[in-house]
1. If you build a Gaussian network model of the chain, linking Cα atoms that sit under 10 Å apart, which residue out of His330, His60, His97 swings the most?
2. Restricting to DSSP loop positions (anything but H, G, I, E, B) with no more than 10 other Cβ atoms inside 10 Å of their own Cβ, which GluC sites (Glu not before Pro) remain in the range 1-106?
3. Which one, Ile85, Ala264, Ser221, projects farthest toward the positive side of the charge dipole computed for the range 46-264 from Cβ point charges (K/R +1, D/E -1)?
4. I need the calculated FRET efficiency for the pair Val29 and Lys272, taking r as the beta carbon distance and R₀ as 22 Å, to the nearest 0.05.
5. At a 10 Å Cβ-Cβ cut-off, how would you order Tyr203, Tyr62, fewest neighbours first?
6. Which of the GluC sites (Glu not before Pro) found in the range 182-212 are in a DSSP loop and have at most 10 neighbouring Cβ atoms, other than their own, within 10 Å?
7. Rounded, prolate or oblate: pick one for the range 1-121, where a ≥ b ≥ c are the square roots of the eigenvalues of its C-alpha gyration tensor, a/c under 1.5 means rounded, and failing that, prolate if a/b is larger than b/c, else oblate.
8. Most mobile of Leu19, Leu120, Leu70 per a Gaussian network model of the chain (Cα springs, under 10 Å)?
Amino acid sequence: MIKIPEYVQSLKAYKPGNLMDLSDLKVEVKEWIKLGSNENALGPSPKAIEAIKEASGIVHEYPDPGAGGLIELIAEKYNKKSDQIICGNGSNALIQHIVNAFSDVNDEILTASGTFVGILVNTWKLGRKLNLVPLKDYTYDLDTIAEKINPKTKIVYLSNPNNPTGTMFSKEQLEAFIPKVPKDVLIIFDEAYYSFCEELDRYPNGMDYDLPNMIVLRTFSKSHGLAGLRIGFAVGPEDLITTLYKVKFPFEPNILAQAAATAAIKDDEFVKEVVEINKISLKMMMEKFDELGIKYVDPTANFIMILLDSEDLAAEFAKECMQYGIIVRHVNSFGVPNGVRINSATVGQTEYVIDMFEKVYKGI
Ligand SMILES: Cc1ncc(COP(=O)(O)O)c(C=O)c1O
């Protein structure tokens, strides 16, 4: 009999939601409106699509293991050295590599109780322990997190803005927190949604902090629309990045992902449009929620979390939206039992979904 470590036995395999047949819905819809995974409403950057087509002829080759061309562009854009950057199969894979490289079985990873599931799964998967601090007003409680750091803590994970709440802590709050973290505790600063809030004065840009114990994560999955290709990058001190190269897969990210990201990173126009549409869509949603008296948390990313009166109502709201061809995410597994996360859409889609949200809300 094969012996499976207990921490692996207790995991649950990722199970995507079961999509109903469109013909079984209450209304006639041609395709699903997917607002449940914080994907890009506008699709991929057109420049990336061109680059993918071009690179498709060389997929018989292994990719550049160091993603050199892309890393040079990232270094130039953020004024960093190439040796401070590593690319991986999305920030989710990079989180796994970081937990793997900088902690041991039974070490503790400290974070908030209502945050990105990727850190939870990557911690459990590697047999590390989680230490979770409740959110305060749906935001990271940095003071309590600092108090909870103990000799077993090896990593503190911060997602800013946070998923699923959409809240952001400020530059001032981050700068008060940093000195409280011992230098032998690593901070993962996950900025998956930075494009949607970087214009805000209070936004603490991770790229501005060159700390010996902080790694910043960015992804091409959100504002660049490349979620399906799985590509992201980490920026940090050279010694930590050198260590990460020891645990990453030699040929991640794949050749199409590298080509697409190399084009997308130059496509500022596209990102600008994405950010603009996001603002419009979320504003339309907020106006509708205000009209209906639905509570929500002020968004700073590309999604909004609404709060129903109970976990059951949140589950029912999400389930009932499907009857109208709309997929939203009940975020109980993210630590907010009565929350439903809805990402921004195109203006046309938003006009439709807000009408349907009204129907669903009044019917549950
Ligand atoms: C905070 C946060 N980090 C990372 C990710 C995953 O990014 P990637 O697609 O690069 O793995 C997500 C995806 O939803 C996220 O919300």
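Read-outs: derived from the displayed coordinates by stated rules, not from any lab. Everything quoted here is computed from the prediction, not taken from an experiment. A quick note on method: Cβ atoms are made from the backbone with ideal geometry, for glycine too, and the neighbour counts reach across all protein chains shown.
1. Checking each option, the largest mean-square fluctuation is seen for His60.
2. Numbers: sites: Glu6, Glu28, Glu31, Glu39, Glu50, Glu54, Glu61, Glu72, Glu76; in loops: Glu28, Glu31, Glu39, Glu61.
Answer by residue number: Glu28, Glu31, Glu61.
3. Ser221
4. Numbers: r = 30 Å, r/R0 = 1.38.
Plugging the Cβ-Cβ distance into 1/(1 + (r/R0)^6) gives 0.15.
5. Details: Tyr203 20, Tyr62 11.
The order, fewest Cβ neighbours first, is Tyr62, Tyr203.
6. Numbers: sites: Glu191, Glu198, Glu199; in loops: Glu191, Glu198, Glu199.
Taking the range 182-212 and a limit of 10 other Cβ atoms within 10 Å, the loop GluC sites (Glu not before Pro) found are Glu199.
7. Working: a/c = 1.81, a/b = 1.04, b/c = 1.73.
It is oblate, given that a/c is not under 1.5 and a/b is not larger than b/c.
8. Leu19
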